[in-house]
Amino acid sequence: MKFYNFLKKRQSVREFKPQEISNEKMEKLKDDFKKLESNLTNIEFILFENGEEIYNKLEGLGGYSGVMIKAPHYIGLKIEKNDNDIIINSSYYMEKLITELAKLNLGSCWINLGIVPKEIISELLNGKGTMNFMIAFGIPRDEILSKVTNSEGLNDENLKYLNTYRYSNELKVEDGPSTSKSSRMAIEDIVFKEKLGQNINMDELDQRGLEKLFYYTRYAPSNKNSQPWRFIVKNDKISLAILNPDHKENLTDAGIVMYYFEKMAYDLGFNGKWKLKDSDYIEYDNNKYKIVSEFNI
């Protein structure tokens, strides 16, 4: 199995055991911070080891629709400012970090800080930068295991509950072509040819080796399972269009789906990388979209 099977089995952890993680795992995590941050500017991971203190500050404010997740530890996603490219990059690398947590058999869950007062955010960050999201992490309370493998060193690992950006019961996994029973949009709903709204032939995607890539990309987590991403295939380029890009949550989802798309593409033999771009708004289906990134195939 490859990275796409890992993605299909990812689940969010919302209940953790109270004990702290081992010193060995904590030091490994700090090393991961340094490695990831060496590639970044304007983005920093903030480790909050005292989970109880953070929970008390954010109870009733942070979390999924205001429901704060109690965990022994948290990681804040500190950014210099709310710039579109910074938001997208930050969520891309946060998902990369979540994969590292999974390698340590640790569960995690995204926490939205959108309604947390600025004064509290400023206090958490000592007055520098801003923070739209953090993740709760620790040892999952339930010992349910998923046997998955991928190309990032998770071969034959037993992984406990893994993170998604929504409640896990919103995901209904199917093994064949998408059906109306699935909570995931069909390929035909998210992939277009040359422009939004222009259907692409499934045989063409299959011949180009893209059908499986888009099939599994549908499993990428998104805020409240909104799936705000659309893909436009034009010649040797795939453009990522995001619904209502003025919403920080949707830009965050863009970075998340870019990470999973890129890793699955690599497993399938595509060595491209996403390149961020700015563009004008596109009107489609009575909504505004914007192309935020491009991938060469």
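The values are calculated or read from the model by the stated rules, or taken from the named source; none is laboratory data. Values in this document were obtained by computation on a predicted structure and should not be read as measured data. Cβ placement follows ideal geometry from the backbone for every residue including glycine, while neighbour counts extend to all protein chains displayed.
List of remarks:
- Annotation note: Cβ proximity below 6 Å between a residue of the stretch 251-263 that is in the same structural domain as ILE238 (by TED's automatic domain parsing) and a residue that is hydroxyl-bearing (Ser, Thr, Tyr) and part of a helix (DSSP H, G or I) (sequence gap 6+ or interchain) occurs for THR252/SER91; GLY255/SER91; GLY255/TYR92; ILE256/SER91; MET258/TYR92; TYR259/TYR92; PHE261/THR217.
- Restricted to the stretch 101-131, and to residues there that are under 24 Å from GLU15 (Cα atoms) and polar (S, T, N, Q), the residue that is modelled with the lowest pLDDT is ASN105.
- Selected residue (criterion: nearest to ALA71 (Cα to Cα)) from residues of the stretch 1-43 that are crowded, with 19+ Cβ neighbours inside 10 Å and at pLDDT 90 or above: PHE16
- Tally of residues being of a type in the set (Phe, Trp, Tyr) and within 14 Å of the chain's Cα centre (by Cα) across the stretch 217-247: 2
A quick yes/no check of all residues on (1) touching a strand residue (DSSP E or B) at 6+ places or on another chain (Cβ under 8 Å); (2) surrounded by 22 or more Cβ atoms within 10 Å (Cβ to Cβ):
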| site | (1), (2) |
| --- | --- |
| ASN56 | no, no |
| GLY63 | yes, yes |
| MET68 | yes, no |
| SER90 | yes, yes |
| LYS103 | yes, no |
| GLU119 | no, no |
| MET131 | yes, no |
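- Filtered by the rule that a residue be buried (at least 17 other Cβ atoms within 10 Å of the Cβ) and basic (Lys, Arg), the stretch 70-88 gives LYS70, LYS78.
- Residue that is surrounded by fewer than 20 Cβ atoms within 10 Å (Cβ to Cβ), of a type in the set (Lys, Arg), closer than 17 Å to ASN287 by Cβ and modelled with pLDDT of 95 or more, where the choices are LYS195, LYS224: LYS195
- All told, LEU29 meets the bar of being of a type in the set (A, V, I, L, M), closer than 26 Å to ILE86 by Cα, touching an Asp or Glu at 6+ places or on another chain (Cβ under 9 Å) and not in a strand (DSSP E or B).
- Whether a residue is crowded, with 17+ Cβ neighbours inside 10 Å, of a type in the set (A, V, I, L, M), modelled with pLDDT under 95 and in a helix (DSSP H, G or I) was assessed, and MET264 passes this test.
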